[in-house]
1. By how many nm would the segment from residue 129 to residue 43 grow when fully extended, if each residue of separation counts as 0.36 nm and the alpha-carbon distance is taken off?
2. Extension gain residue 87-residue 101, at 0.36 nm per residue separation less the Cα-Cα distance, in nm?
3. Efficiency by 1/(1 + (r/R0)^6): what FRET value for residue 56 and residue 18, r their Cβ-Cβ distance, R0 = 25 Å, to the nearest 0.05?
4. Using alpha carbon centroids, what distance separates region 50-127 and region 139-154, in Å?
5. From the P(r) of region 2-62, could you give the percentage of C-alpha pairs in the tail past 17 Å?
6. Relative to the first principal axis of the alpha-carbon coordinates of the chain, what is the inclination of helix 40-53, with its axis defined by its Cα atoms, in degrees from 0 to 90 and to the nearest 10?
7. On the Cα set of region 72-150, report Rg and Dmax in Å, please.
8. At a temperature of 25 °C and a viscosity of 0.890 mPa s, determine how fast region 4-128 diffuses translationally according to Stokes-Einstein, using the Kirkwood radius over alpha-carbon pairs as Rh; express D in µm²/s, rounded to the nearest whole number.
């Protein structure tokens, strides 16, 4: 697996790629190493994440995600969440309705809590139904930061 990092104000975005499939994208405060990768797919994703963190609109839906270890329910949640446009916010209930399970909003929250594809599956765009920002597996401070990049801060 090729691993890369993108530094930003709050820490690093760590990216794991095998060939042309994204294994994970996650937040960390301390990189384990700063390897130089010749994987063109990884380097393209790093460039796009850098653009995003600078405030540019980036469509991450073109990247292939490794969903092999993701449950069918989580896959549906991640696909619905990926359809939320840049700078828009939807509720957990909205995601639940999109996947045909309108009462499963807590299960949606639990699936997003395990989201291994930070930014690519934009769970920071999913808030509580009452327009409160809600939780975030990488911390509410990061969720607020990502929302502020898109101009959707509460």
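Only the coordinates and a few stated rules stand behind these numbers; no lab work does. Being a predicted model, the structure only gives us computed values, none of them experimental. Don't worry about glycine lacking a Cβ; one is built from the backbone with ideal geometry, like all the others, and counts go over all protein chains shown.
1. Net length gain for the segment: 27.3 nm.
2. Once the chain is fully extended between residue 87 and residue 101, it gains 2.6 nm.
3. 0.40
4. 15 Å
5. 34 percent
6. Computed tilt is about 60 degrees.
7. 11.1, 31
8. Estimated diffusion coefficient is 162 µm²/s.
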